[in-house]
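Worksheet for the structure shown next.
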Amino acid sequence: MSADQTQLAFDWSCRIMSDNGCGFPAPGLHSFLFKPLFTVGGYDFNKVMLLALITTLLVVTFFTLAFSKAKVVPGKLQMVAEAGYDFVRRGIVYETLGKREGEKYVPLMVSLFFFIWIMNIWSVIPLAQFPVSSVIAFPMVLAAVVWLLWVSLTFKRHGFVGFFKNITGYDKSLGAVLPLVMVIEFFSNLFVRPFTHAVRLFANMFAGHLMLVMFTVASWYLLNSYMIPAAGVSFVMTMIMILFELFVQAVQAYVFVLLACSYIQGALAEHH
């Protein structure tokens, strides 16, 4: 939550029916705006950018330490890393692309999965308490990477004519409706697909964070107003939302990577 909301939530003079004009600090777009923490080389770094940078360092450092001196009989760190790597490789990539075609894309998909998952999970980490993916710039960049890979693979595999047929859904058997279908498929694949790929992740994290902030702030606000039963209910809902968010955070990382593999599969598939 933002600093202003935190200050109001813990301000014991803010109560329901109080005469000081202090109302409930409801979450909104301001909950996603943060002031710069420091400046490096003329660039301002705020909380969200710092969390994204820490996420990158965590993922790179974890897998480097786990696999830099890999052993036949793995240690605890290597065992955990292998379990995560194998989950993405077998559970997502192989299931979608097959072993032969999918193996070369496993490192990218593992990186995407854990990067997105850690970005999401900051939402329930004390002091951080913010999902990086709820700022749409981050999902948009990741979706753009997948989109560029899909476009380049389609063009490389099928050539210019095959690329055009692939992105327009060209099928002579459609007859008179073929031109309409081609226009719809063209805009859907080139413009709508990367947008929905990013927004699906962003919207879930955005909404989840709003709900979590609302119940957290409400718990303190109601407690300040001496409405103990209502504060207790709000606190229980906060705990439920945290557990639910833990599930959603992992699912959204899984779905993003699954869709990325699906797009690559479409680029590699033969067009008839």
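The values are calculated or read from the model by the stated rules, or taken from the named source; none is laboratory data. Everything numeric in this text was worked out from a predicted model, so none of it was measured. A quick note on method: Cβ atoms are made from the backbone with ideal geometry, for glycine too, and the neighbour counts reach across all protein chains shown. Calculation scope for accessible area: heavy atoms of the full protein, side chains included, ligands and nucleic acids excluded. Shrake-Rupley method; radii C 1.70, N 1.55, O 1.52, S 1.80 Å.
The table below gives the values:
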quantity	calculated
Enumeration of residues in segment 110-164 that are assigned to a loop (DSSP other than H, G, I, E, B) and among the polar types (S, T, N, Q)	GLN129
Selected residue (criterion: farthest from ALA269 (Cα to Cα)) from residues of segment 158-206 that are out of contact with any helix residue (DSSP H, G or I) (no Cβ under 6 Å at 6 or more places or on another chain) and charged (D, E, K, R)	ARG200
Residue in segment 173-187 that is touching a Cys at 6+ places or on another chain (Cβ under 9 Å) and not aliphatic (A, V, I, L, M) present	no
For TYR226: the one exception among (1) more than 14 Å from VAL124 (Cβ to Cβ); (2) in a helix (DSSP H, G or I); (3) in contact (Cβ under 8 Å) with a residue 24 or more places away in the chain	(2)
Candidates SER173, SER188 - the one that is open to solvent by 40 Å² or more (accessible area, probe 1.4 Å) and within 16 Å of VAL146 (Cα to Cα)	SER188
Count - residues of segment 222-247 that are in contact with a helix residue (DSSP H, G or I) (Cβ under 6 Å, 6 or more places away or on another chain) and open to solvent by less than 80 Å² (accessible area, probe 1.4 Å)	10
Any pair with Cβ under 8 angstrom, 6 or more apart, that starts in segment 52-78 at a residue that is over 30 Å from GLN129 (Cβ atoms) and ends at one that is charged (D, E, K, R)	PRO74/GLU82; GLN78/LYS71
Counted residues, segment 37-69 - those being outside any helix (DSSP H, G or I), within 20 Å of MET119 (Cα to Cα) and of a type in the set (Phe, Trp, Tyr)	1
Yes/no for VAL72 being among the β-branched types (Val, Ile, Thr) and either assigned to a loop (DSSP other than H, G, I, E, B) or open to solvent by 90 Å² or more (accessible area, probe 1.4 Å) (or both)	yes
Every residue from segment 178-207 that is more than 22 Å from SER123 (Cα to Cα) and among the hydrophobic types (A, V, I, L, M, F, W, C)	LEU178, LEU180, VAL181, MET182, VAL183, ILE184, PHE186, PHE187, LEU190, PHE191, VAL192, PHE195
Any hit, segment 98-109, residues being open to solvent by less than 50 Å² (accessible area, probe 1.4 Å), in a loop (DSSP other than H, G, I, E, B) and in contact with an Asp or Glu (Cβ under 7 Å, 6 or more places away or on another chain)	no
